[in-house]
Amino acid sequence: MNYYDQHLHTHFSYDSDADFLPYLEAFAGYIVTTEHFDLANPVTKQDDAPDYQAYTQTIDELNKKYGNRILKGIEIGYIASEKERILAYLADKTYDLKLLSVHHNGQFDYLDDFVADMDPNDIIPAYLSQLEDAVATIPANVFAHFDYGFRLFDLTPVDLKKFEPQLIRLFQAVIDKQLAFEVNAKSAYLYHNLALYDYAIDLYQSLGGTLFTIGSDGHQLEHFRLHFDDLFSLLHKKGVTELATYQNGHVKMVPFP
Ligand SMILES: [Zn+2]
Ligand SMILES: [Zn+2]
C-alpha cells in the first residue's frame, strides 16, 4: 500500500469548495478527508461541523464507484469551553482517522491577520497550553500542525527553543497518548515553517516519538500531496522508515518512497 495524504478537506469543511473527484482522479490510492469540526468558531461566529449523514452517504456512494478507496476522517478543533459538546458529537460517529487541532481560542483564530502583530511571548505559551489540554482531553489518532498558533510569526528554531520546556511536556503527552506527529506541508512550505518542523521532529524523536504522518492540509487540488517528495526525504534523513496510516482508528505502518 502506498502512503496517502492524511490531511485533506472538501466542501464538507466550512472553508473549502473542493470535491472528492479531482483528488480521486489525481491519485490512485486511498483518499481520506479530514473535515473541519470547529465549535464556537470565531471566524464564522457559529458551530462548524461536517454533516455526518451526508458525508457518510457521499463516501458510501463514491466507494461503490471507486473501489472502496475513500476513508472517513475529521479534524477536531479543540476549544476547552466546548469540551462536552465535542465529546458528545464524536460519541456516536465512526471515523478511520481523527486529527486533533487547536485553531482558535474562543476570541480569534490564530490565522486572523491581526495575530501577526501580537506578542509571540503571550500567544505561544497560551496556544501550547490549549494543545496540552486538547491532548489530555480528546481521544484522536494524529496531533496535527503543532505550529498552527504561530504560523503567522516569523519564528526561527532559536526563537521557538525559548518554549522548549513546554514543548517537551506537550510532545511527551503526544507520545504517551500514542498520537502520531503530523508533518504539515502547508505549514512547512506555505507558511515557511520547515525549519521549525526540522527542530520539532528532532525534539519529538529525542523523547522517543516514532509515529509520523504527512498531511498536505489541502483545501483544493492544487495543494494535494504538496511537496510530499521533499517531506519523504526529510523523514528518511531522520531515520524514519515507515509512516502511520489509520483505518477504522487502527494504526497501520507503511513504507514510503
Ligand atoms: Zn487545521
Ligand atoms: Zn486542516
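The values are calculated or read from the model by the stated rules, or taken from the named source; none is laboratory data. All of these numbers come straight from a predicted model, not from anything done at the bench. Ideal geometry is used to build each Cβ from the backbone, glycine not excepted, and the neighbour counts take in all protein chains shown. Keep in mind that these areas ignore ligands, DNA and RNA; they rest on the heavy atoms of the full protein, side chains included. Shrake-Rupley method; radii C 1.70, N 1.55, O 1.52, S 1.80 Å.
Ranking Ile123, Leu203, Leu221 by how far each Cα lies toward the positive end of the dipole of the chain (charges on Cβ) leaves Leu203 at the top. Take 92-101, 228-237 and order them by the average number of nearby Cβ atoms within 10 Å per residue, most first; the result is 92-101, 228-237.
Summing charges over all other residues whose Cβ lies under 13 Å from the Cβ of Phe224, with Lys and Arg as +1 and Asp and Glu as -1, gives -3. Using the Cα coordinates of the range 20-255, the gyration tensor eigenvalues translate into equivalent-ellipsoid semi-axes of 27, 22, 17 Å, sorted from longest to shortest.
Residues with beta-carbon under 12 Å from that of Gly215, excluding Gly215: net charge, scoring Lys, Arg +1 and Asp, Glu -1? Here the count lands on -2. Sequence-distant contacts, meaning Cα pairs under 8 Å at least 6 residues apart, place the relative contact order of the chain at 21 percent.
In the chain, a dipole from Cβ-located charges (positive for Lys and Arg, negative for Asp and Glu) runs towards its positive end, and of Tyr23, Leu235, Ser81 it is Leu235 whose Cα lies farthest in that direction.
Gap in Å between the Cα centre of the range 1-60 and the Cα centre of the range 218-237? Computed from Cα coordinates, the inter-centre distance equals 18 Å.
Charged side chains reduced to their Cβ positions (Lys and Arg at +1, Asp and Glu at -1) give the range 35-188 a dipole of some 620 debye around its Cα centre.
Considering only protein heavy atoms, with the full assembly of protein chains and a 1.4 angstrom probe, order His250, His9 by accessible area, largest first. List each step's numbers first, then the result.
Details: His250 130, His9 0 Å².
Sorted descending by solvent-accessible area, the residues read His250, His9.
Here's how it looks for Thr245: its modeled amide H is under 5 Å from those of Lys252, Met253, Val254, which are all 5 or more places away or on a different chain. Sorting the segments 56-64, 13-21 by their mean number of nearby beta carbons within 10 angstrom, highest to lowest, gives 13-21, 56-64. For Thr33, the amide hydrogen comes within under 5 Å of the amide hydrogens of Leu71, Gly73, counting only partners 5 or more places away or on other chains and with H modelled in the peptide plane. Could you tally the net charge around Ala173, taking each other residue with its Cβ under 13 Å from the Cβ of Ala173, Lys/Arg +1 and Asp/Glu -1? Net local charge, Ala173 excluded: -1. Converting phi to 3J(HN,Hα) with the Karplus coefficients 6.51, -1.76 and 1.60 and the offset θ = phi - 60°, the range 127-139 yields 4, 5, 5, 4, 5, 4, 5, 4, 5, 6, 9, 10, x Hz in sequence order, with x at every glycine or proline. Amide H contacts for Tyr14 (H built 1.01 Å from N in the peptide plane; partners 5 or more residues away or on another chain; cut-off under 5 Å): His36. Helices in the chain, meaning DSSP H runs of at least 4 residues, each add -39500 (n - 2.57). Divided by all residues, the mean residue ellipticity at 222 nm is -10500 deg cm²/dmol. List the lysines whose Cα lies under 23 Å from the Cα of Lys72, skipping any in the same chain that are fewer than 8 positions away. Reachable lysines: Lys64, Lys83, Lys93, Lys98, Lys177, Lys186, Lys252. Remark: the range 75-89, residue by residue, has Karplus-estimated 3J(HN,Hα) of 10, 7, x, 8, 9, 4, 4, 10, 3, 5, 5, 5, 5, 5, 4 Hz, where x stands for each Gly or Pro and the curve is 6.51 cos²θ - 1.76 cosθ + 1.60 at θ = phi - 60°.
Counting only Cβ charges, +1 for Lys and Arg and -1 for Asp and Glu, the dipole size of the chain around its Cα centre is about 940 debye.
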